[in-house]
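*Asks:* What follows is a single structure, and I will ask about it in a moment.
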């Protein structure tokens, strides 16, 4: 199985990029030009440029030479590799429409993306309601949920209680308690739902 089959494994391209960034940062910190640093390490300027830009997989001997020239341990070039994570950017209007138990005519759920990994810690969804409906499912799930109303107004049920939410209002709740819209007041309604799932490994 290739490394790309596991979203938590680093690819060789990512390793080269991170190592190159560390080499370049170290050179700048020493106040050395690329020519002087390459000369001190016994490398060509072209090879050093490729390493710094992550365009080649440097050999162990090349990295050892660079570490010796900079008087740092070889591991200095690999620091933070286990801390490198991706960031997810979803341009406006480009969220993924998803099938949801609360979906139906006039009700859409748009997923705003997730970080790579086997566990989804946060689930951001934009909920849009455009049609009146007197039947709403109540939801229950593990973790907590944060709501922020963007447009319209609605009555939101939480257990036996009912709350009026208007644009700009926020609500935080425990997912185990039955909750959901109970009355649509001013359509269209649009709100952000942010579910924070519990850590499956609380001791980690």
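*Asks:* When you go through (1) exposed (fewer than 13 other Cβ atoms within 10 Å of the Cβ); (2) touching a helix residue (DSSP H, G or I) at 6+ places or on another chain (Cβ under 7 Å); (3) modelled with pLDDT under 75 one by one for residue 85, which number turns out not to apply?
*Replies:* Condition not satisfied by residue 85: (2).
*Asks:* Going by the structure shown, is residue 62 in contact with a helix residue (DSSP H, G or I) (Cβ under 8 Å, 6 or more places away or on another chain), at pLDDT 80 or above and not assigned by TED's automatic domain parsing to the domain that holds residue 120?
*Replies:* In short, yes.
*Asks:* Are there any strands (runs of 3 or more DSSP E) wholly within segment 146-204 with 3 or more residues that are in contact with a strand residue (DSSP E or B) (Cβ under 6 Å, 6 or more places away or on another chain) and under 13 Å from residue 127 (Cβ atoms), and if so which?
*Replies:* The strands (runs of 3 or more DSSP E) meeting that bar are 179-196.
*Asks:* Yes or no: segment 92-102 includes at least one residue that is surrounded by 14 or more Cβ atoms within 10 Å (Cβ to Cβ), modelled with pLDDT under 75, in contact with a strand residue (DSSP E or B) (Cβ under 9 Å, 6 or more places away or on another chain) and part of a loop (DSSP other than H, G, I, E, B).
*Replies:* As a first pass, look at segment 92-102 and keep what is surrounded by 14 or more Cβ atoms within 10 Å (Cβ to Cβ): 95, 100, 102.
Then keep just the ones that are modelled with pLDDT under 75; that gives 100, 102.
Subsequent filtering for residues that are in contact with a strand residue (DSSP E or B) (Cβ under 9 Å, 6 or more places away or on another chain) retains 100, 102.
Narrowing the set further to residues that are part of a loop (DSSP other than H, G, I, E, B) leaves 100, 102.
Yes: segment 92-102 contains one or more residues that are surrounded by 14 or more Cβ atoms within 10 Å (Cβ to Cβ), modelled with pLDDT under 75, in contact with a strand residue (DSSP E or B) (Cβ under 9 Å, 6 or more places away or on another chain) and part of a loop (DSSP other than H, G, I, E, B).
The values are calculated or read from the model by the stated rules, or taken from the named source; none is laboratory data. Keep in mind the model is a prediction, meaning the values are calculated, not measured. Every residue, glycine as well, gets a Cβ built from its backbone with ideal geometry; the counts of neighbours run over all protein chains shown.
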